[in-house]
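Please treat every number below as a calculation from the coordinates, not as lab data. No experiment lies behind these values; they were computed from the predicted model shown. Every residue, glycine as well, gets a Cβ built from its backbone with ideal geometry; the counts of neighbours run over all protein chains shown.
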Amino acid sequence: MEIINAVNLSFQYNNGKTVLDNINLKIIKGKKTAILGKNGSGKSTLMKLIIGLLPIKSGSLLINGYDINSSEGIKYVRDHCGIVFQNPDNQFVSPIIEEDIKFGLKNHKISKKEYSSRIDESLEKVDLRGYEKKSINTLSGGQKQRAATADVLAVYPDILIFDESTSMIDPKGRSEILTCIQNLEKEDKTIIIITQNVDDVIDADFIYLLADQKVLSSGTPNEVLSDYKKLEYAGIQIPFPVRVYYDLKEKGINLPYCPLSLQKLAEEICSLD
Ligand SMILES: Nc1ncnc2c1ncn2[C@@H]1O[C@H](COP(=O)(O)OP(=O)(O)OP(=O)(O)O)[C@@H](O)[C@H]1O
Ligand SMILES: [Mg+2]
């Protein structure tokens, strides 16, 4: 069942420039959906429309069946949607991890009796148990993103949005946050990954690729990422295995199907006679 349904959604900022032009998308409950697009393609604008931070001017957007422009829609987002931004420093309100989590719990009117178990539980999920009293300043980029994720997890969101959460951190931090997101998938949360990095979307259930203010293509990772011409057009890096697949094809070597991971690529090459 779709938890977010956008129909003919268009958006212009006050300068009149169209940023989103007739976007249609469905985000399915409990799945991981990626919004992939280069710098300035309108990803964050779309996210802001989804969470009601920007008003819908044209088209419609339903979230859990509620019109996002209605008070029920806004309430749903406030109660059930958690967002982790590119720069988590803008998200923390307290210098100490557990105090920061408590702030969110208080905002959501969670009973004080539950604070300690929710803090333990959410830090456990992001692999930061034992960091309760740590100062956020002392954390690495990846740890900060995970602490920001713990903040939102503590209030039990149904929908989790990661807006370029991996873009400012080193490879180790990136892989930490990606593992953390993979674990959340097992919990049946609806996850939205917003990114310009193709590596972040390979294991998504569904991808929307944005270009020219529109959805240029959509489908499973295999469907979207093996179409290198569209990726190229959208200004997205072509995954290395896809590049190799087409290079080999040009030389008359046909792999059985277009691989997305290095491991699959290696397996296919090894299986050639
Ligand atoms: N408040 C604003 N007023 C006017 N134009 C804006 C505003 N915010 C964003 N834009 C423009 O809208 C377009 C889409 O921006 P948006 O931030 O949604 O893109 P993005 O895909 O999230 O980019 P990035 O990868 O840099 O995060 C860009 O051309 C941007 O300059
Ligand atoms: Mg953005």
The correct count of residues that are crowded, with 17+ Cβ neighbours inside 10 Å and touching a helix residue (DSSP H, G or I) at 6+ places or on another chain (Cβ under 9 Å) in region 14-58 is 17
Report, by residue number, each residue of region 188-233 that is assigned to a loop (DSSP other than H, G, I, E, B) and either within 15 Å of ligand 2 (Cβ to nearest atom) or closer than 25 Å to LYS29 by Cβ (or both). ASP188, LYS189, GLN196, ASN197, VAL201, ILE202, ASP203, ALA204, ASP205, GLN213, THR220
For GLY73, all conditions in the list (1) buried (at least 20 other Cβ atoms within 10 Å of the Cβ); (2) within 25 Å of SER167 (Cβ to Cβ); (3) not hydrophobic (A, V, I, L, M, F, W, C) hold save one; what is the number of the exception? (2)
Select from region 8-61 the residues that are within 13 Å of ligand 2 (Cβ to nearest atom), among the small types (Gly, Ala, Ser) and free of Cβ contacts under 8 Å to residues at least 12 places away in the same chain and list them in ascending order. GLY40
Please go through (1) within 21 Å of ARG174 (Cβ to Cβ); (2) in contact (Cβ under 8 Å) with a residue 60 or more places away in the chain; (3) out of contact with any Lys or Arg (no Cβ under 8 Å at 6 or more places or on another chain) for ALA204 and return the number of the only condition it doesn't satisfy. (3)
Considering (1) under 23 Å from the mean Cα position of the chain (by Cα); (2) β-branched (Val, Ile, Thr); (3) more than 16 Å from ligand 1 (Cβ to nearest atom); (4) not in a helix (DSSP H, G or I), say which one ILE110 fails and leave the rest. (1)
